[in-house]
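Contents: one structure, followed by commentary.
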Amino acid sequence: MQDLRGYAVSGADAASLGLFEKALAQFQGYVIDPVATIDKAIIQSPGFVMAHLLRAYLVLAGTEAAYLPMARDGRNAAAALPTNPRERRHIAAIDALIAGEYDLASERFEDILLDAPRDALALQVAHIFDFFRGDARNLRDRVARVLPEWRPDVPGYHAVLGMYAFGLEECGQYGRAEETGREAIRLNSGDVWAHHAVAHVMEMQGRIDEGIAWMSARESHWAPDNFFAGHNWWHWALFHLDRDEYARVLELYDGPIRGSRSKVVLDMIDASAMLWRLHLRGVDCGARWGELVEAWAPLASDGFYVFNDFHAMMAFVAAERWDLADETLSAMIRRISSPGSNAAMTRDVGLPLCRGLYAFGRGEYDETVNWLRPVRAIASRFGGSHAQRDLIDLTLIEAAQRDRQNTLVRALAGERMALKPVSPLNRRYRDGALSISRAMPLNAA
Ligand SMILES: [Fe+2]
């Protein structure tokens with residue numbers, strides 16, 4: 001049997017292959033629920049290698065240690081079956097992911113895509129892990145390398161364009177990113193990743209009113225029954241935050257962002273990231289932190305993926321749960337000497353950032369500045385998007401302001417104003433720094 005992109009698959013029949021294609025399309029569109037669909041394919045054809053592997057990839061994309069046994073089960077089921085060379089390469093890529101060797105996995109995906117550039121599953125998973133590794137170049141160019149081998153009539157082409165749009169955005173090519181994202185949406189209005197890429201462009205360019213209109217007008221396409229909806233709601237709230245509309249932000253937080261009290265880490269990240277932004281602005285988030293602490297607490301001693309640890313730390317610090325904050329720091333320190341890509345991400349970026357958050361919570365703002373300043377320029381190494389990592393810069397400028405480091409605030413405000421002059425928050429930092437500068441002549445020291 002061959003899949004819709006012309007590649008041989010082992011152990012499938014027409015029915016199970018149809019279910020595999022459906023699950024893959026759900027994965028590409030973050031539609032609920034590809035695991036249920038692929039389980040049906042496995043029941044239909046227990047010897048279907050790629051179905052077992054897709055199931056493993058789906059759980060690995062959750063970046064949670066709890067899912068590793070399920071990933072191993074899928075990998076082992078596939079490895080026990082007759083396989084073709086492409087499938088064996090997928091098993092090797094999954095082995096690297098299970099071992100936490102994300103850079104090695106990236107190379108193995110590259111090898112798969114050199115020989116099979118229309119392998120949509122390899123591209124999808126590689127793109128997600130490029131995001132988790134903060135590899136902007138590959139977010140864009142891994143897609144660019146395969147694009148010549150795709151055509152609009154190959155199923156899933158829109159998803160390739162959606163990925164390319166996001167990669168272009170993360171590389172700062174906003175015009176081409178928006179154009180490509182809109183083209184993906186024209187081909188498939190339900191492409192939530194492409195929708196999200198365009199939202200990122202508007203976020204980065206400070207097109208706040210347009211951003212709100214974009215989210216609002218297209219809500220019926222990205223919100224229903226979608227795993228990624230929470231993150232798109234987060235982006236919507238971010239636009240309102242840029243307008244200082246805190247009541248609306250909290251309304252979105254209490255509703256679609258956090259109303260479900262999701263225990264999915266990717267949802268908890270958005271929740272922490274939004275509350276911390278409010279916390280920096282002095283907005284009282286009340287019992288919301290307590291609820292989030294309860295959600296993060298079981299992962300405090302995890303040290304599985306540092307981007308998660310960083311967002312757990314925000315909740316622990318804001319709620320002054322120093323026991324859990326200490327537990328997280330200890331887990332991260334242990335993790336530095338473990339194998340896997342997360343060790344270096346933790347050592348170089350995550351641990352200093354978490355120490356910076358910790359100091360912020362203690363009111364030691366000079367310490368926060370000392371921890372964050374050397375790391376922020378290399379912070380992409382621990383994953384996430386520019387919009388997500390802006391939280392590091394926001395924490396730094398707020399800490400500098402609270403520590404009365406006026407020249408630093410003025411410099412950072414200059415940087416922020418150059419990127420997004422329409423932001424009232426940026427203007428406040430700049431105006432505050434300028435007013436102090438005016439009151440203090442240069443030779444006053
Ligand atoms: Fe995003």
- Item | Residue that is surrounded by 15 or more Cβ atoms within 10 Å (Cβ to Cβ) and touching a Ser or Thr at 6+ places or on another chain (Cβ under 7 Å), where the choices are ARG381, ARG410, ARG430 | ARG410
- Note on the structure: Restricting region 305-339 to residues that are under 22 Å from the mean Cα position of the chain (by Cα) and either hydroxyl-bearing (Ser, Thr, Tyr) or outside any helix (DSSP H, G or I) (or both), the one farthest from ALA65 (Cα to Cα) turns out to be THR328
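Got at least one residue in region 216-226 being part of a loop (DSSP other than H, G, I, E, B) and either crowded, with 16+ Cβ neighbours inside 10 Å or touching a Pro at 6+ places or on another chain (Cβ under 6 Å) (or both)? Show your work before the answer.
So the first thing to find is which residues in region 216-226 are part of a loop (DSSP other than H, G, I, E, B), and the list is 218, 223-225.
This time we only want the ones that are either crowded, with 16+ Cβ neighbours inside 10 Å or touching a Pro at 6+ places or on another chain (Cβ under 6 Å) (or both), so: 218, 223.
Yes, that holds for at least one residue.
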- Message: Among the residues in region 31-51, are any touching a strand residue (DSSP E or B) at 6+ places or on another chain (Cβ under 6 Å) and either among the aromatic types (Phe, Trp, Tyr) or on the phi > 0 side of the Ramachandran plot (or both)?
- Response: no
- Message: Tell me whether region 183-192 contains one or more residues that are modelled with pLDDT of 95 or more and touching a Phe, Trp or Tyr at 6+ places or on another chain (Cβ under 7 Å).
- Response: yes
- If you check GLY175, GLY230, which single one turns out to be assigned to a helix (DSSP H, G or I) and within 14 Å of the ligand (Cβ to nearest atom)? GLY230
- Query: Has region 352-364 got at least one residue that is closer than 30 Å to ALA96 by Cα and in contact with a Gly (Cβ under 6 Å, 6 or more places away or on another chain)?
  - Reply: no
- Query: Of ARG258, ARG248, which residue is crowded, with 22+ Cβ neighbours inside 10 Å and in contact with a helix residue (DSSP H, G or I) (Cβ under 8 Å, 6 or more places away or on another chain)?
  - Reply: ARG258
- Show the residue pairs that are 6+ apart or on different chains and have beta-carbon atoms under 7 Å apart, the first residue being within region 208-234 and in the same structural domain as PHE166 (by TED's automatic domain parsing) and modelled with pLDDT of 95 or more, the second being within 12 Å of the ligand (Cβ to nearest atom) and among the acidic types (Asp, Glu). GLY211/GLU203; GLY230/ASP270; HIS231/ASP270; TRP234/ASP270
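Each row is one residue, and each column tells you yes or no for (1) touching an Asp or Glu at 6+ places or on another chain (Cβ under 6 Å); (2) among the charged types (D, E, K, R).
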| position | (1), (2) |
| --- | --- |
| TRP193 | no, no |
| ALA197 | yes, no |
| TRP214 | no, no |
| ALA229 | no, no |
| LEU241 | no, no |
| GLU251 | no, yes |
- Task: Taking only region 361-389 into account, find how many residues are within 16 Å of the ligand (Cβ to nearest atom) and out of contact with any Lys or Arg (no Cβ under 9 Å at 6 or more places or on another chain).
- Result: 5
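The values are calculated or read from the model by the stated rules, or taken from the named source; none is laboratory data. All values reported here derive from a predicted model rather than from experimental measurement. Using ideal geometry, Cβ is built from the backbone for each residue, glycine included, and neighbour counts are taken over all protein chains shown.
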